[in-house]
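Structure, as structure tokens:
None of the figures in this text is laboratory data; all of them are computed from the coordinates on show. The structure presented is a predicted model; accordingly, all values stated were derived computationally and were not measured. Glycine gets a Cβ as well: all are built from the backbone with ideal geometry, and neighbour counts include every protein chain shown.
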Amino acid sequence: MRALAAGLLLLAAAVVLPPATAHAPSVSRFAWMAAAAQPGDLVFRRSGGMWAEAAAAFSHRDRRFSHVGIVAQHGRALVVVHAAGDPVSRDARVRAEPFEDFLASSTDAALYRVDRVLPARNRIAGVALGYAAERRPFDRDFSLAEGNALYCTELVWRAVRTATGLDLAPRKSMAMGRAYVALDDLFLHRAVVPVRRQIPSRSGQTAANRVESGATAQTRE
């Protein structure tokens, strides 16, 4: 039942990945994202630690990121809804936290947008906020059979599918004979596009650059 979770424990102990930078950059590096973000956007981050390295390793094509959440508007505040914690945390569950706090310990981050009209993206945010209000627990079984508990990528996958009918992981990743949603399954989907930072040029016009982590050259679904 918990074979994939056990696999995560083993992978976390054994995985060797390019290390994150020794010192997390100031959150000001990502401040432009808060200004550019809209409800329903997806925020990917990379941070240090055993569980972050394990989560990144479960991506097969692009291992830059270790976690993801959905941007939502909560009152006047911009928040990120995500499945916080890890398979062994007692209080691991879906939470909504301020945008800046979500990126505070990140060594890399990127903002992506589901290529759908604004009302549909608002529905994605609404579904995610509903998960947080229900305090849905972290899915320690890493099972896609039902949505009573959610892990980070599962939350995004379910919220988008529930709100729009779009499956962001039609060909799911596999490990130990079980299907799961990897981080790169999401951001390499053709309907998920990077939000670019607008940088003024010398002529006063704006030139679009890729997000801080750079554009992926991998083939999209």
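For segment 33-38, 3J(HN,Hα) computed residue by residue from phi via the Karplus equation (6.51, -1.76, 1.60; θ = phi - 60°) reads 5, 4, 6, 8, 5, 10 Hz, glycine and proline entered as x. When each of the peptides 54-62, 83-91 is scored by how many other beta carbons lie within 10 Å of its residues on average, the order from highest to lowest is 54-62, 83-91.
Please order GLU53, GLU97 by the number of other Cβ within 10 Å, starting at the fewest.
Values: GLU53 22, GLU97 17.
Ranked by crowding around the Cβ, least crowded first: GLU97, GLU53.
How big is the Kirkwood radius of segment 71-154, worked out from every pair of different alpha carbons and given in Å to one decimal? Could you put the intermediate results ahead of the total?
Numbers: mean 1/r = 0.0730 Å⁻¹.
This gives a value of 13.7 Å.
Across segment 167-180, rounded Karplus estimates of 3J(HN,Hα) from the backbone phi angles (6.51 cos²θ - 1.76 cosθ + 1.60, θ = phi - 60°) give 9, 7, 9, x, 10, 6, 5, 10, 8, 6, x, 10, 7, 8 Hz, Gly and Pro being marked x.
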